[in-house]
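Heads up, the thing below is written out as structure tokens.
None of the figures in this text is laboratory data; all of them are computed from the coordinates on show. All values reported here derive from a predicted model rather than from experimental measurement. Backbone-built Cβ (ideal geometry, glycine too); neighbour counts: all protein chains shown.
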Amino acid sequence: DIQMTQSPSSLSASVGDRVTITCQASQNIISYLNWYQQKPGKAPNLLIYAASSLQSGVPSRFSGSGSGTDFTLTISSLQPEDFATYYCQQSYSTASYTFGQGTKLDIK
Amino acid sequence: QVQMVQSGAEVKKPGASVKVSCKASGYTFTGYYIHWVRQAPGQGLEWMGWINPNTGGTNYAQMFQDRVTMTRDTSISTVYMELSRLRSDDTAVYYCARDWTTMVRGVKFYYMDVWGKGATVTVSS
């Protein structure tokens, strides 16, 4: 199975900060990388697909980049509603859609 | 609108089985795979497998291969996930999610675009 490793596992930031979360795949997954946001008690919500494509309705302060094994999710200016846990997920191997372990973003 | 409505919370004893349902609406049920993902308390997301509602074909994560069965009933647009030989570490929220395919720069990409609210399964003696 393809392993996905996120860093950091947790992150404290302030409203207005620029935040970057990274995700590394154990093998080349080209651009088959998705990002989800999850708030407590809620289902995950898709933010970014195909590494850099913004899902409809997602604010433009969210962006994704990367290819191969290294990927980044950036929030350009944190808003109060962005404090949540973020997960990357690979869809290169459709036989096994693995998630990263998550990055919890909280208020400093 | 597209919705995935899941069954309610369950409490089971170790060694028992649980069957969680997920009813899809607002789109062509047989057109899109459905995934099952679980989340233990305070833990991350764990992909369990998918089912093709059109053919009934399935693909399970290796760690669940011998305990999980995913089925569907096309007459009521519903998929089911049954997990057997339950253990305390199967206590989790179980989500279903639709698999969506889109073309980006001429290449097909896959992601989970609509999720159910989750069904809590508690395994306790």
Quiz item: Mind checking which pairs have a first residue in the range B:87-115 that is within 9 Å of chain A (Cβ to nearest Cβ) and part of a strand (DSSP E or B) and a second that is surrounded by fewer than 20 Cβ atoms within 10 Å (Cβ to Cβ) and of a type in the set (Gly, Ala, Ser), Cβ under 6 Å, 6 or more apart or different chains?
Solution: B:Val104/A:Ser53
Quiz item: So how many residues does the range A:1-36 have that are surrounded by 20 or more Cβ atoms within 10 Å (Cβ to Cβ) and in contact with a helix residue (DSSP H, G or I) (Cβ under 8 Å, 6 or more places away or on another chain)?
Solution: 0
Quiz item: Does B:Val11 meet the test of being farther than 20 Å from B:Asp113 by Cα and surrounded by 17 or more Cβ atoms within 10 Å (Cβ to Cβ)?
Solution: no
Quiz item: Out of all the residues in the range A:84-96, is one or more without any contact (Cβ under 8 Å) to a residue 40 or more places away in the chain and in contact with a strand residue (DSSP E or B) (Cβ under 6 Å, 6 or more places away or on another chain)?
Solution: yes
Quiz item: Has the range B:45-60 got any residue that is facing another protein chain (nearest Cβ under 10 Å) and more than 26 Å from A:Ile48 (Cβ to Cβ)?
Solution: yes
Exercise. Considering each residue of the range B:61-86, count those that are part of a loop (DSSP other than H, G, I, E, B) and within 14 Å of chain A (Cβ to nearest Cβ), and give that number.
Key: 2
Quiz item: Within the range A:69-80, can one find any residue that is touching a Cys at 6+ places or on another chain (Cβ under 6 Å) and either in a strand (DSSP E or B) or over 30 Å from B:Gln65 (Cβ atoms) (or both)?
Solution: yes
